[in-house]
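Everything below concerns the one structure shown next.
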Amino acid sequence: MEHIVIIGNGISGITAARHIRKRSNHRITVISAETDHFFSRTALMYIYMGHMKYENTKPYEDHFWKKNRIDLKRAYVKRVDTDNKAVIFSDNSAMDYDALVLAVGSKSNKFGWPGQDLEGVQGLYSFQDLQTMEHHTKAGVKRAVLIGGGLIGVEMAEMLHSRGIDVTFLVRENRFWGNVLPKEEGELITRHLREHHVDLRMETELKAILPDKNGRVRAVVTHKEQEIECQFVGLTAGVSPNIAFLKNSKIETQRGIMVNRYLETNIPGVYAIGDCAFFREAPPGRRPLEQVWYTGRMMGETVAQTLTGNRKMYEPGSWFNSAKFFDIEYQTYGTVNANPAASEAVFYWEHPNGKKCVKMIFDKSSEKFLGINVFGIRMRHEIFDKWLREEQNIDHVMTHLADANFDPELYRRYEKDILRKFNQENHKNLSGQPKSRTRIFG
Amino acid sequence: MHIIMRNIQKTGLFIFIAGLLVFIGSLSLSNFRLTAEIIDDRIGATTKATYLKKAAETLHITDREYRSKFGFIRDLKISFNKANDLLLADYGFTREDVDRIMAHITTPGVYSEEAVAAAFGNGSIDISRQEKFRGSTSWMASQTYHNNAALRKAMEQKLPDLNQEVLQGVGFQGYALSEYTFKITKSASEGILTDHLRAIFILSFLGTILGALLFIVPQFKEGPPGIKNNGIFHHPATNRGWLGMIVGGMLILFYIFLYWFPEYITNWTLLLDPVKKWLGGPDAEADRWFLYGFLYTLVMLVMGIRMFAKYRGNAYQMVRTTSVLFFQTGFAFIIPEIMARFNLPARDLKNAWPLDYTGFYDYNLEALTTGGGTGKAILFWMIGLAVIVVPVMVYFFGKRWYCSWVCGCGGLAETLGDPYRQLSDKSLKSWKIERWMVYSVMVFVYLMTLAVVYTYLPTAEQATPDKWFTKGNFIALIWVAMAIGMGLLFYWQKQRERFSKKTFLTMMGISGAVLMVIGISHFVLKAENLFFFNSYQVRAWYGFLIGSAFAGVVGTGFYPLMGNRVWCRFGCPLAAFMGLIQRIKSRFRITTNGGQCISCGNCSTYCEMGIDVRAYAQRGQNIVRSSCVGCGVCSAVCPRGVLKLENGPDNPERIQENPIIIGNDGVALNLKNSGK
Ligand SMILES: Cc1cc2nc3c(=O)[nH]c(=O)nc-3n(C[C@H](O)[C@H](O)[C@H](O)COP(=O)(O)OP(=O)(O)OC[C@H]3O[C@@H](n4cnc5c(N)ncnc54)[C@H](O)[C@@H]3O)c2cc1C
Ligand code: SF4
Ligand code: SF4
């Protein structure tokens, strides 16, 4: 029986712990400085908006851990001593391990802006950040400025909006989430944010944050020398791996903790998973650093196999992701680049109300289906995963789209409209297959 | 724009509260005066009425003006007691009667009917008293008593029973007494309320409706469609805060008065008399059940509009809400009124046994079987609904077709209760308690109905061409039905394990035991009561504990404390039955969308049935839970489009015991190969 120590009780660390427990009798300790129990980071916004309490965001009841013999320790690890196989806590006490899993997540980016540490300026990543935000926005905040248009930015906008705080959003690119979303989708979201009275300023960068006489934020200045009065600033220009405490250890880090495809670091018996893991060689078709919930979970599942005697390579299937922008849900399966490659053909359909759209990418010559972005319509993961795995062509996808629809019953369906447009643009004459329960459920 | 809407809403809230205050205040807007005419009118020109009038007069209660309802009702109750005393004095039996009989006993210790006859006089009252006394003592003739003292004692012991019988016949007692109290109090109202009925009706009902709508309608314009649960856990009305407790307290009080002290809320029925007459004809009169039905429907309609505003982007929610409003307004409220108007048996035709636990009580069976063709058709429908329509529909659509599309309790939960859905307890412990409670109620109600019907049916000797269906037939029928049920259960369980072994064995065990007990009871012991208990007493307790206290007081009053489905989850026997079918044999499931769940917890939080939806979703597992009422809100609030309520084949993939989350190819394949 080995002692497996996991630093980080986020989705990756906890998934690893659960799967190790399912498959072995090892002693497991999960360490976190953030909270006593695992909670869903993705639900932070809902606590602030009053949809849920902190309690509701815990995916497992508190008695779960004891029952599954997963020891929890609330402490901050200030150093890892790989020579002696020990982690050292902030109170200088130590804990020995046989195997160490680093699942330490990310922290919000701060790019050295003047005034970035003023009172009322913050990112949103941890539970403590949420408490700080609660404190900073309790009273007297009329306008907030958000720096950087990504997912956490939109969430913060929605959070502030729910408290009646006006939001100005500074976005460096010419459209919203421009490094991920193609033009049409970016514009669709931009329109929707404006519908919610978010004051979006494209191609605008932050120059400095100005204090009032008490050291609290008073305004921001853009690189166009515009001054925007505000009482709160959200720094939402992305996150990066949380690796500062490893600086003096022998574990190799660059932008993240360097791992091979087996999630192994340069030190035997030390692994890294989740947001903090940076692949020396990325899995095919994937990026070396993927900071999302799902990849954290999958790395946790994988490392648990390895730690229980079944050394396993990290092999994620087709990429998928989802998000919600105020009222518009977004799902994606396969690969849709912000700017299509020359070999890629693009099909785009948008509902006349401008709030639903489907973007499909396929190979120009082989017509192989490559990926889909869908807004305002839900699609079946399983079906798209299957189509991508089977390397179906776009015609197959188009004709069987009804199988993939995952909207609630009684919703209007758009397969016909989508197919009509596709036929027109591509001079085809496909006819849609009705939804087949046999194909969907086997 | 925003400010204007807020102000409209504030005005609405103000008007609503004002209307509500008028409505509550209307309870104290009358004086009361009891007159002989009222008594005659309410009781009819009977002996009872005569005695009550006499009692009220002796006590100087008649024609007196009461300013306080409490004083009036107290004195009215005293009059009833007094009337009972007077009745007993004339019709009752005392020790003196026994003395007189004893005086006519010739052989010491030997009862004689002649002695009884001789002891009573010849007046018409005397003769009926004499007969009554003989009726319940004649068996003493076959007894031997050591001496006169023993005989006297035996007769004296009979006195309380005899007097009880007298009161039951001509006195004021039990249910009838509370009905009289209610009706007389209602008629005795006079003053401001009755003088300004229309104005008070408008102020209280139109006021509250208008106020509520002013509060609700602006929500349609509050930003683009999209479910906003903003601030729910910050607001004292919806986070078990003080406001919620006040609302809960008011609801509880309402139910307590409605069920047990209706005479204190007669003014509300006065307010509704015009509505009742408009619906049910000039002779109709609003009683407390009409009041309840009216308020229930009204609240559902108004809160239904709130549902439309809140869920306006979600077609499933819109249609489903329309459906519950339709069934409540049409089937539960209006149609029974119209049936009654045409002298047909008034029933809520969608109310299925065993939720409708009185459906097969003797008085209903009697009314329906003697109610001509319509009555029989209704009885036929009630049986068909309970044993065919309900299970078949659950097979095709899940129990949602009833619980969140048709049912009245469900309808209230989904409209008035929607703001409280997040308060249901999601813990494993509450799930355990839930299963124990709801299935106990289910088994209990089944046994009770069996017993009641059994008691009602004739024995083979008592059967007539009209009432040919005997106790024996009934037992045979139940045996066949249960055997089929158990056979199916066995077959489905063999096919694949749909229940845990323990659950399966428990179900088989209980069914087997019931089969045996009713067999032995009927064929061997020829017992009068199927389960050796008095079915009348049991059902009185059920009505009190489950029908009123649980379904009403707790079921609705606890919305702000334990969520909007307390009754449906912990108490409803119909929901329990449908839940079993939903689990064993149904096409319904909530599909989890592959690996898209982010474990945020919105689904679990807003599941009114306290199902930890997330626990399934984050494992990539379909949700197939007996308790799911298919409200669709988990799917509606999920920010990642993970959940879909749908019907599909009932194949092994519907309930996945060991789900595999897709997305992680390496591990998924490995799990598949290892069979884990
Ligand atoms: C507001 C917000 C919304 C998001 N929404 C989505 C979404 O919708 N979909 C999606 O896919 N992803 C989303 N993400 C990203 C997602 O939450 C992360 O990818 C994921 O939580 C990373 O999990 P992890 O286990 O790798 O790390 P984390 O969840 O960050 O866990 C790391 C834990 O380790 C602890 N820790 C770190 N260092 C130490 C130390 N030295 N000593 C002790 N403890 C330490 C940290 O305190 C933390 O508790 C969101 C992120 C945020 C902040
Ligand atoms: S609401 Fe959706 S994403 Fe959130 S836990 Fe439930 S299923 Fe998962
Ligand atoms: S699981 Fe979903 S559909 Fe079922 S009762 Fe709960 S919230 Fe409603």
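The values are calculated or read from the model by the stated rules, or taken from the named source; none is laboratory data. Since the structure is predicted, the reported quantities are computational estimates derived from the model, not experimental observations. With ideal geometry, Cβ positions are generated from the backbone for all residues, glycine too; neighbour counts draw on all protein chains shown. The protein model used for the area step is the full one, side chains on, heavy atoms only, and it has no ligands, DNA or RNA in it. Shrake-Rupley method; radii C 1.70, N 1.55, O 1.52, S 1.80 Å.
Where does chain A land at 222 nm, in deg cm²/dmol rounded to the nearest 500, when only DSSP H runs of n ≥ 4 count, each adding -39500 (n - 2.57), divided by all residues? Helix-only estimate at 222 nm: -7000 deg cm²/dmol.
Structure shown: which of B:Lys48/B:Lys186; A:Lys107/A:Lys224; A:Lys356/B:Lys221; B:Lys10/B:Lys277; B:Lys82/B:Lys132 lie over 26 Å apart, alpha-carbon to alpha-carbon? Walk me through the numbers before you get to the answer.
Working: B:Lys48/B:Lys186 19 Å; A:Lys107/A:Lys224 28 Å; A:Lys356/B:Lys221 20 Å; B:Lys10/B:Lys277 35 Å; B:Lys82/B:Lys132 23 Å.
Flagged as over cut-off: A:Lys107/A:Lys224; B:Lys10/B:Lys277.
As a length-normalised measure over Cα pairs under 8 Å and 6 or more apart, the relative contact order of chain B settles at 13 percent. Computed 3J(HN,Hα) for segment A:40-55, one whole-Hz value per residue from the Karplus formula 6.51 cos²θ - 1.76 cosθ + 1.60 where θ = phi - 60°, is 8, 4, 5, 9, 3, 4, 6, 5, 4, 7, x, 6, 9, 9, 3, 3, glycine and proline marked x.
Amide hydrogen proximity for A:Leu72: with H placed 1.01 Å from N in the peptide plane, the residues at 5 or more positions away or on another chain lying under 5 Å are A:Val30.
Dividing the alpha-carbon radius of gyration of segment B:341-490 by 2.2 N^0.38 Å (N being the number of residues), what value is obtained? Ratio of Rg to 2.2 N^0.38 Å for segment B:341-490: 1.24. Taking the Cα atoms of chain B, the ratio Rg/Rh between the radius of gyration and the Kirkwood radius comes to 1.04. If you sort A:Tyr76, A:Tyr54, A:Tyr330 by accessible surface, 1.4 Å probe, largest first, the order is A:Tyr76, A:Tyr54, A:Tyr330. So, in Å, what gap is there between the alpha-carbon centers of segment A:224-271 and segment B:390-464? Using only Cα atoms, the two centres lie 55 Å from each other. Taken about its Cα centre, the protein assembly as shown carries a charge dipole of about 2180 debye when Lys and Arg each add +1 at the Cβ and Asp and Glu each add -1 at the Cβ.
With 0.36 nm allotted per residue and the present C-alpha distance subtracted, the B:Arg64-B:Glu657 stretch has 206.1 nm of extension available. Heavy-atom accessible area for B:Lys526, with the other protein chains in place and a 1.4 Å probe, reaches approximately 150 Å². Taking other residues whose beta carbon is less than 12 angstrom from the beta carbon of A:Val154, and scoring Lys, Arg as +1 and Asp, Glu as -1, yields -2. Placing +1 on the Cβ of each Lys and Arg and -1 on the Cβ of each Asp and Glu in the protein assembly as shown, which of A:Ala33, A:Leu130, B:Leu271 has its Cα farthest towards the positive end of the resulting dipole? The one lying farthest along the dipole's positive direction is A:Ala33. Per residue, the convex hull spanned by the Cα atoms of segment B:587-669 measures out at 88 cubic angstrom. What you get for segment A:1-129, charging only the Cβ of Lys and Arg (+1) and of Asp and Glu (-1), is a dipole of about 520 debye around the Cα centre. Sorted largest first, the spans of the alpha carbon positions of segment A:185-265 along the three principal axes are 46, 41, 21 Å. Taken as Cα centroids, segment A:15-73 and segment B:281-341 sit 44 Å apart, rounded to the nearest whole angstrom.
Shape summary: segment B:180-325 maps onto an equivalent ellipsoid whose semi-axes, from the alpha-carbon gyration tensor, are 34, 19, 14 Å in decreasing order. Average accessible surface for chain B: 44 Å² per residue, computed with a 1.4 Å probe over protein heavy atoms with every protein chain in place.
Between their Cα atoms, which of A:Lys67/B:Lys501; B:Lys376/B:Lys467; A:Lys22/A:Lys386; B:Lys350/B:Lys399; B:Lys53/B:Lys77; A:Lys66/B:Lys429 are more than 18 Å away from each other?
A:Lys67/B:Lys501; A:Lys22/A:Lys386
The residues of segment A:320-426 present an accessible area of 37 Å² per residue when probed at 1.4 Å with all protein chains retained. For segment A:121-238, the Kirkwood estimate of the hydrodynamic radius, built from every pair of different alpha carbons, is 14.3 Å.
Would you mind checking the tilt of helix B:665-674 against the longest principal axis of the Cα atoms of chain B, expressed as 0 to 90 degrees and rounded to 10? Result, in degrees: 60.
Treating segment A:170-322 as a set of equal point scatterers at the Cα positions, no solvent, please give the Debye-formula log₁₀ I(q)/I(0) at q = 0.17 Å⁻¹. Treating every Cα as an identical point scatterer, log10 I(q)/I(0) equals -1.01. Compactness check for chain A: Cα Rg over 2.2 N^0.38 Å is 1.05.
Here the spin labels are modelled as points 7 Å beyond Cα on the Cα-Cβ line, and at B:Glu366 and B:Arg619 they lie 5.4 nm apart.
Taking Cα atoms only, the orientation of helix B:573-584 departs from the longest principal axis of chain B by about 40 degrees.
I'd like the interface area for chains A and B: accessible area of each alone minus the complex, both sides summed, 1.4 Å probe, protein heavy atoms only. What is it in Å² to the nearest 100? Interface area, both chains combined: 5100 Å², rounded to the nearest 100. Taken about its Cα centre, segment B:587-669 carries a charge dipole of about 120 debye when Lys and Arg each add +1 at the Cβ and Asp and Glu each add -1 at the Cβ. Note on A:Ser32: accessible area is roughly 10 Å² with a 1.4 Å probe, heavy atoms of protein only.
Could you check how many percent of all C-alpha pairs in segment B:31-190 are farther apart than 28 Å? The partial results should precede the final answer.
Working: 4581 of 12720 pairs.
The proportion of pairs with Cα distances above 28 Å equals 36 percent.
Taking 0.36 nm per residue of separation and subtracting the current Cα-Cα distance, fully stretching the chain between A:Gln226 and A:Asp117 would add 37.2 nm. Volume of the convex hull of segment A:14-80 (Cα atoms only), normalised per residue: 100 Å³.
Here the protein assembly as shown has 59 percent of its accessible surface on carbon and sulfur atoms, given a 1.4 Å probe and all protein chains in place.
List the residues of segment A:163-196 whose backbone N lies under 16 Å from a point placed 7 Å from the Cα of A:Lys142 along the Cα-to-Cβ direction. Hits in segment A:163-196 for A:Lys142 at 16 Å: A:164-168. For B:Glu179, put the label point 7 Å out on the Cα→Cβ axis and report which residues of segment B:343-364 keep their amide N under 16 Å from it. It comes to B:346, B:362-364, nothing else. Taking every alpha-carbon pair under 8 Å whose residues sit at least 6 apart, chain A reaches a relative contact order of 13 percent. Were the residues from B:Leu525 through B:Glu190 laid out at 0.36 nm apart, the gain over their Cα-Cα distance would be 114.7 nm.
Applying 1/(1 + (r/R0)^6) with R0 = 45 Å to the Cβ-Cβ distance of B:Val389 and A:Ser90, what FRET efficiency is obtained, to the nearest 0.05?
0.10
Can you give me the relative contact order of segment A:320-426 as a percent, contacts being Cα pairs under 8 Å and 6 or more apart? Relative contact order here is 23 percent. Shown for the protein assembly as shown is the translational diffusion coefficient from the Stokes-Einstein equation, using the Kirkwood radius over Cα pairs, a temperature of 37 °C and a viscosity of 0.692 mPa s: 95 µm²/s. Once the C-beta distance of A:Asp81 and B:Lys10 is scaled by a Förster radius of 41 Å, the resulting FRET efficiency is 0.05 to the nearest 0.05. Using Cα-only point scatterers and the Debye equation, what is log10 of I(q)/I(0) for segment B:422-569 at each q in 0.12 Å⁻¹, rounded to two decimals? These q points yield log10 I(q)/I(0) values of -0.69.
Considering every Cα-Cα pair within segment A:320-442, what fraction, in whole percent, is farther apart than 25 Å?
17
Straight-line cross-link partners of A:Lys53 among the lysines, defined as a Cα under 18 Å from its Cα and at least 8 positions apart when in the same chain: A:Lys138, B:Lys228, B:Lys426.
For segment B:213-250, a reduction of at least 40 Å² in accessible area between the chain on its own and the assembled protein chains (probe 1.4 Å) is found at B:Pro224, B:Lys228, B:Asn230, B:Phe233, B:His234.
Our analysis of segment B:1-111 gives Rg over Rh at 1.43, with the two radii drawn from alpha carbon positions and Rh computed by the Kirkwood formula.
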